[in-house]
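What follows is one structure encoded as structure tokens, with my remarks underneath.
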Amino acid sequence: MEYNEPKRILEAAGVQVITASSKVGRVFAAHTNEEVQSEFALENVNVDDFDGVFFIGGPGALEHLDNKHSYRVLRDTMEKGKLYGSICISTRILAHAGVLTGKKATGWNGDGQLDEIIQHAQGFYVDTPMVTDGNLITATGPSAASIWGAAILEKL
């Protein structure tokens, strides 16, 4: 839902969506038993080729995407003034990448730790389904996937 619904919204409006992951090829989404096609490995992403970069959450997000390649992509995206964001648990990746300084953000907080994680990253946790702060767009999870996709489209 966090991947498919925003992608559907964006593609219906004519936006080309490119998927990157820790590897190229079929990527298995454990929580939905679906496979998606990854066109790029994160280590090969050049943010100059994109209008925005967004991280999807779900099981495996931290295991496969919380790494130096993701951090570089996010920092480059922010520094170049492009759109960026996350949904669900992936907001923690943004915090670890250092791209939440002075920013309001939200995400999955089922363990009650996101407020502290965002504060440690010098950001401000907002307990709302979706929040936009400049070029940053974050959302809490599957129930916010549609409004997150619509917010991305509006900013594009």
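Worth pointing out:
- Within the straight-line cut-off of under 19 Å between alpha carbons, the lysines reachable from residue 155 are 7, 80, 82, 103, 104, sequence neighbours fewer than 8 places apart in one chain being disregarded.
- Result for the chain in a Gaussian network model with C-alpha springs under 10 Å: among 56, 93, 117, the largest mean-square fluctuation is at 117.
- GNM flexibility winner over the chain from 91, 128, 138 (Cα, springs under 10 Å): 128
- Using a cutoff of 8 angstrom between alpha carbon atoms and counting only pairs six or more residues apart, the relative contact order for segment 64-156 works out to 28 percent.
- Local electrostatic count at residue 27 - Lys and Arg +1, Asp and Glu -1, tallied over other residues with Cβ under 14 Å: -2
- Computed extension length for residue 80-residue 24: 17.7 nm, one decimal, from 0.36 nm per residue of separation with the Cα-Cα distance subtracted.
- The chain: antiparallel DSSP beta bridges as a percent of all, rounded to 5: 45
- Within segment 82-123, backbone nitrogen closer than 13 Å to the virtual label 7 Å beyond the Cα of residue 72 toward Cβ: none
- Placing a pseudo-label 7 Å from each Cα along the Cα-to-Cβ vector at residue 49 and residue 8 gives an inter-label distance of 2.8 nm.
- Here the relative contact order of the chain, from alpha carbon pairs under 8 Å that lie six or more residues apart, stands at 22 percent.
- The structure-derived value of Rg and Dmax of the Cα atoms in Å appears in the list (i) 15.2, 45; (ii) 16.5, 60; (iii) 14.0, 38 under the label (iii).
- When shorter helices are ignored and each DSSP H run of at least 4 residues is given -39500 (n - 2.57), the per-residue value for the chain at 222 nm works out to -9000 deg cm²/dmol.
- Positive-end residue of 42, 78, 20, charge dipole of segment 4-155 with Cβ unit charges: 78
- Largest GNM mean-square fluctuation among 126, 99, 17, using the chain with Cα springs under 10 Å: 17.
We did not get these values from a lab; they are worked out from the coordinates using the rules stated. Quantities reported herein were computed from a predicted structural model and do not represent experimental measurements. Cβ coordinates were reconstructed from backbone atoms using ideal geometry, including for glycine residues, and neighbour counts include every protein chain displayed.
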